[in-house]
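K.L.:
This structure is in structure tokens; I'll ask about it shortly.
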Amino acid sequence: MLRILTRKFAEVLFFLLFITFISFLFIRLAPGDPVLTILNVDELSVSQEQVEALRDEMGFNKPLLVQYGLWLVKFVQLDFGSSYITGQPVMDVILTGLPATLELAVGALIVMLVVSIPLGSLSALYRNSWIDQLSRILSILGAAVPSFWLGFIFIDLFGVRLNWLPIMGRDGWITLVLPSLTLGLAISSVYVRLLRSSLLDSLSQEFIRAARARGLSERRIFFVHAFRHSLPPVITFFGVSLGSLIGGVLVIEVLFAYPGVGKLVVDAIRQRDYPLIQGYILMMAVIVFMVNTGVDLSYRYLNPEMKLKERGIHG
């Protein structure tokens with residue numbers, strides 16, 4: 001376990017250096033003058049001397065590598081800078097919106113689990129039945145419809161026509177329903193198909209036939225043996241698709257005016273607020289690393305064969 005964590009720590013250091021440098025470079029190579037965007041003025045309303053003075057004060061006149069080096073030194077000291085627009089420390093701004101983003105992500109995951117586990121399980125248990133056909137049709141529709149389009153449909157139906165649910169803001173659990181439902185349904189279609197395929201593969205294994213020969217009940221065989229054996233590919237895919245979930249949260253927050261980190265960073269991109277954008281990318285990179293580490297550890301727990309291979313025991 002210690003060896004795995006040490007290797008993961010070395011990997012995350014390299015990953016953070018790479019992702020922060022690439023993002024730092026591309027953010028600053030974007031077209032337009034960031035100083036004018038930050039000042040929210042055009043070239044005719046300020047003098048060139050004022051623009052150059054602010055550019056020099058903010059370090060934009062230095063070479064990109066020097067700018068990145070200065071930012072990296074502050075990062076090592078856990079100083080992520082201050083927002084160009086509000087003047088607040090970047091981490092304070094991010095932590096302000098983080099609870100709302102986590103609420104939305106957890107809500108979407110709950111919807112995904114509630115939808116994908118029953119549908120995927122029933123599709124595998126009743127293969128080629130009407131339940132399986134319906135599940136596959138819903139999965140195809142879910143994969144074909146973009147999350148923002150699904151969100152527009154829910155806003156029009158439940159918010160405008162029926163007036164059942166609020167469509168903007170964050171004011172209690174009721175405002176979380178539509179955003180969570182939109183994102184959860186959008187991502188569940190992939191997991192329904194993946195769980196179905198993984199369960200069908202598990203149910204065809206030798207250990208399932210051996211369990212039936214021992215007289216175990218079908219319920220025990222399915223939930224204790226087949227279902228657990230089918231989880232590693234699903235969990236692994238979740239780690240791989242985490243970036244899509246984060247991107248989906250960002251889109252849904254903007255669509256429903258949900259005051260999370262995603263909406264903050266979209267505003268920051270529009271206003272060229274470099275420190276806030278960089279802080280967001282760094283935070284997402286750390287979250288992705290932590291989730292993937294958790295996925296690796298859980299994979300080893302759910303798949304004993306990996307433990308045996310790591311110890312040099314081959315069955």
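K.L.:
Please find, within the stretch 185-205, the residue that is farthest from the chain's Cα centre (by Cα) out of those that are closer than 18 Å to Gly107 by Cβ and either buried (at least 24 other Cβ atoms within 10 Å of the Cβ) or of a type in the set (S, T, N, Q) (or both).
P.N.:
Ranking the candidates gives Ser189 first.
K.L.:
Given the conditions (1) under 18 Å from Ile187 (Cβ atoms); (2) surrounded by fewer than 18 Cβ atoms within 10 Å (Cβ to Cβ), and given that Ser135 satisfies all but one, which numbered condition is not satisfied?
P.N.:
Exception for Ser135: condition (2).
K.L.:
Please go through the stretch 243-283 and pick out each residue that is on the phi > 0 side of the Ramachandran plot and surrounded by 19 or more Cβ atoms within 10 Å (Cβ to Cβ).
P.N.:
Selection gives Arg272 alone.
K.L.:
Surrounded by fewer than 15 Cβ atoms within 10 Å (Cβ to Cβ) and closer than 26 Å to Val251 by Cβ: is that true of Ile85 in this structure?
P.N.:
So Ile85 fails the test.
K.L.:
Is the stretch 102-119 home to any residue that is surrounded by 13 or more Cβ atoms within 10 Å (Cβ to Cβ), out of contact with any Leu (no Cβ under 9 Å at 6 or more places or on another chain) and closer than 19 Å to Gly279 by Cβ?
P.N.:
Yes; the residues of the stretch 102-119 include at least one that is surrounded by 13 or more Cβ atoms within 10 Å (Cβ to Cβ), out of contact with any Leu (no Cβ under 9 Å at 6 or more places or on another chain) and closer than 19 Å to Gly279 by Cβ.
K.L.:
Another one. Which condition breaks for Gly87 when tested against (1) closer than 29 Å to Phe256 by Cβ; (2) at pLDDT 80 or above?
P.N.:
For Gly87, the failing item is (2).
K.L.:
For the stretch 128-170, give me the residue count where each residue is at pLDDT 80 or above, under 20 Å from Asp201 (Cβ atoms) and not polar (S, T, N, Q).
P.N.:
Residues in the stretch 128-170 being at pLDDT 80 or above, under 20 Å from Asp201 (Cβ atoms) and not polar (S, T, N, Q): 2 in total.
K.L.:
For the list (1) in contact (Cβ under 8 Å) with a residue 12 or more places away in the chain; (2) out of contact with any strand residue (DSSP E or B) (no Cβ under 7 Å at 6 or more places or on another chain); (3) not β-branched (Val, Ile, Thr), I need the number of the one condition that Ser82 fails.
P.N.:
(2)
K.L.:
For Leu242, work out the one condition from (1) within 25 Å of the chain's Cα centre (by Cα); (2) of a type in the set (A, V, I, L, M); (3) modelled with pLDDT of 75 or more it doesn't fulfil.
P.N.:
With (1) within 25 Å of the chain's Cα centre (by Cα); (2) of a type in the set (A, V, I, L, M); (3) modelled with pLDDT of 75 or more applied to Leu242, the lone miss is (3).
Conditions tested, residue by residue: (1) under 20 Å from Arg28 (Cβ atoms); (2) not basic (Lys, Arg).
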site	(1), (2)
Arg55	yes, no
Val66	yes, yes
Asp92	no, yes
Thr101	no, yes
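K.L.:
Can you spot a residue in the stretch 253-264 that is among the hydrophobic types (A, V, I, L, M, F, W, C) and more than 19 Å from the chain's Cα centre (by Cα)?
P.N.:
no
K.L.:
Restrict the check to the stretch 143-158 and report whether at least one residue is closer than 18 Å to Val114 by Cβ, crowded, with 19+ Cβ neighbours inside 10 Å, within 20 Å of the chain's Cα centre (by Cα) and in the same structural domain as Leu98 (by TED's automatic domain parsing).
P.N.:
Yes, the stretch 143-158 contains a residue that is closer than 18 Å to Val114 by Cβ, crowded, with 19+ Cβ neighbours inside 10 Å, within 20 Å of the chain's Cα centre (by Cα) and in the same structural domain as Leu98 (by TED's automatic domain parsing).
The values are calculated or read from the model by the stated rules, or taken from the named source; none is laboratory data. Just so it is clear, the model here is predicted, and its values are computed rather than measured. Here the Cβ is made from the backbone with ideal geometry for all residues, glycine too, and neighbour counts use every protein chain on show.
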